[in-house]
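Novice: Pasting a structure below so you can have a look.
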Amino acid sequence: MSKHVIETVTFKLKPGISRDEFAEAARAINGFVTAQPGFISRRLSCGDDGAWIEHIEWMDMASAKAAADAIGTVESNMPFLAAIDEASVGMHHTELEVTVN
């Protein structure tokens, strides 16, 4: 049985994009994310330094990678993607070992 996968994306916003504007754009892609096969949960947070961290839990690596490949193909996701400073993006996929709820 495969382990769940955690997709961790770190990034900063482009100059001129407010935290509130971005949070609205981030909520707007929830429909896309939750409709993806293998989706379990999503969390997005921001530090005082303006660094954002997104964690998405997927059933497996294939689901995570398929969603990552598809996100840029949907027009309604563009405001979210356009707000991100592409040079600052880091993405990692890791297998979930321990969880506590």
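The values are calculated or read from the model by the stated rules, or taken from the named source; none is laboratory data. None of the values given here were measured: they were computed from a predicted structure. Here the Cβ positions follow ideal geometry from the backbone for every residue, glycine too, while neighbour counts run over all protein chains shown. Just so you know, the surface numbers come from the protein's heavy atoms only, side chains and all, with ligands and any DNA or RNA stripped out. Shrake-Rupley method; radii C 1.70, N 1.55, O 1.52, S 1.80 Å.
Novice: List pairs: first residue in region 18-29 and surrounded by 13 or more Cβ atoms within 10 Å (Cβ to Cβ), second residue part of a helix (DSSP H, G or I) anywhere in the structure, Cβ distance under 7 angstrom, at least six positions apart or on different chains.
Specialist: That search, which allows pairs on different chains as well, returns A25/P79; A25/F80; A26/F80; A28/S76; A28/P79; A28/F80; I29/N77; I29/F80.
Novice: Hey, among the residues in region 48-81 that are out of contact with any helix residue (DSSP H, G or I) (no Cβ under 7 Å at 6 or more places or on another chain) and free of Cβ contacts under 8 Å to residues at least 24 places away in the same chain, which one's least open to solvent (accessible area, probe 1.4 Å)?
Specialist: By that ranking, first place goes to M78.
Novice: Here's a follow-up. Restricting to region 62-101, name every residue that is touching a strand residue (DSSP E or B) at 6+ places or on another chain (Cβ under 7 Å), under 28 Å from S18 (Cα atoms) and of a type in the set (S, T, N, Q).
Specialist: Within region 62-101, just S88 meets the criteria.
Novice: Do we find a residue being in contact with an Asp or Glu (Cβ under 8 Å, 6 or more places away or on another chain), closer than 18 Å to E7 by Cβ and among the β-branched types (V, I, T) anywhere in region 35-53?
Specialist: Yes, there is a match, as at least one residue in region 35-53 is in contact with an Asp or Glu (Cβ under 8 Å, 6 or more places away or on another chain), closer than 18 Å to E7 by Cβ and among the β-branched types (V, I, T).
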